[in-house]
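The values are calculated or read from the model by the stated rules, or taken from the named source; none is laboratory data. Since the model is a prediction, treat every value here as computed from it, not as a measurement. Cβ placement follows ideal geometry from the backbone for every residue including glycine, while neighbour counts extend to all protein chains displayed. Please note that ligands, DNA and RNA were not included when accessible areas were found on the heavy atoms of the full protein model with its side chains. Shrake-Rupley method; radii C 1.70, N 1.55, O 1.52, S 1.80 Å.
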Amino acid sequence: KLGIIALIKMTERMERFPQKELDPTTRIVITGIGAVTPLGLTTKETWENLVNGKSGIKSHAFPEYPQIQAKVAGTVTEFDPNKALNGLLPLKEIRRIHRSTQFALSATLEALQQAGLLIINTGEDAVKRKWAINSAIVNPGEIAAIIGTGIGGGEAIAQVQENLKQGKTAEVFHIFHALPERVVSPVVKAFGIKGPTYTNVAACATGNVAITSGIKEIMCGDSKIAIVGAAEAVNVPIGIAMFDVLRALDRELDPTKTPRPLDKSAGGFVMGEGAGV
């Protein structure tokens, strides 16, 4: 009986909510791109510096940890979160979120502006959020947000452990740093997005997996628009040391001579930070 009842209820549900999958030949297009990289704080600046042969690799030594032999990293410079994220979240929250999340927010803002999806927020929460999704174009509940990270603010876990060893407690902001999901949740809060939201973790393939996940959300009919991308900011001793011990990172001291992936003298990759949406 239970099986029959369940089948009847499922059939009724299917009739009320017919399949929403799109025709497999439906084209999905990119309408906006945002970036924060060692080459620039926007997509345009990043691209111009790239084609002009500039490098974002900088010396990044940790003199207090001589055992770390990798001394260079791709570093985002001149990024002021208070300026870049002004109006997206209260300043108190901007200071509490991790650097990787700050990058994700800035890149998302640029992508949504380029796509023409934002209007000035006039709702009840206008004091807290400057921007809102233009509901005349798309319902915020039909926008998915899938922004991944490899490590995110993982170093916060070590900070909590050190605090406990010293007889201290964890800090409030640690939870906003440590969980990988925190790279996307402030994004949906800042823009009032209400569709499927999650973070994927797939090492160096994270950004690509976020893109394919967004495609699936659209093709299944669960979303009309998907914000997809990835963010990372682990140019810290813990982040560098874990890859350095594997001999995965180039130990070249001159930042102008690395990386050189197509050279037979290649010594490994260079750790970097930034976001793309």
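Odds and ends about this structure:
- The phi torsions of segment 169-179, fed into the Karplus equation with coefficients 6.51, -1.76 and 1.60 and a -60° offset, translate into couplings of 9, 5, 8, 4, 6, 4, 5, 7, 9, 6, 6 Hz, rounded to whole numbers, with Gly and Pro shown as x.
- The stretch between Ala158 and Arg27, if pulled fully straight at 0.36 nm per residue, gains 42.7 nm over its current Cα-Cα span.
- Amide H within-cut-off set for Asn121, under 5 Å, with H built and near neighbours excluded: Trp131, Ala132
- Relative contact order of the chain, defined on C-alpha pairs under 8 angstrom at six or more residues apart (%): 26
- Heavy-atom accessible surface of the chain: percent carbon and sulfur, 1.4 Å: 60
- Proximal lysines to Lys54, defined as alpha-carbon separation beneath 29 angstrom and excluding residues fewer than eight positions away on the same chain: Lys44, Lys71, Lys83, Lys257, Lys264
- For segment 271-277, putting each phi into the Karplus relation 6.51 cos²θ - 1.76 cosθ + 1.60 with θ = phi - 60° gives couplings of 5, x, 9, x, 7, x, 9 Hz, in residue order, rounded to whole numbers and with x for Gly and Pro.
- Segment 18-39 and segment 129-195: distance between their alpha carbon centers, rounded to Å: 22
- Summarising the strand pairing of the chain, around 55 percent of its internal DSSP beta bridges are antiparallel.
- Partners for Lys189 among aspartates and glutamates (Cα-Cα distance below 18 Å; same-chain residues under 8 apart left out): Glu93, Glu110, Glu124, Asp125, Glu142, Glu181
- Environment charge at Asn134 (Cβ cut-off 15 Å; Lys +1, Arg +1, Asp -1, Glu -1): +3
- Against the set (i) 1.04; (ii) 0.95; (iii) 1.01, the structure's computed Rg/Rh (Cα atoms, Kirkwood Rh) falls on (i).
- Rounded to the nearest Hz, the phi-derived 3J(HN,Hα) couplings of segment 212-227 under the Karplus curve 6.51 cos²θ - 1.76 cosθ + 1.60 (θ = phi - 60°) are 5, 5, x, 4, 5, 4, 6, 5, 6, x, 7, 8, 9, 9, 10, 8, where x marks glycine and proline.
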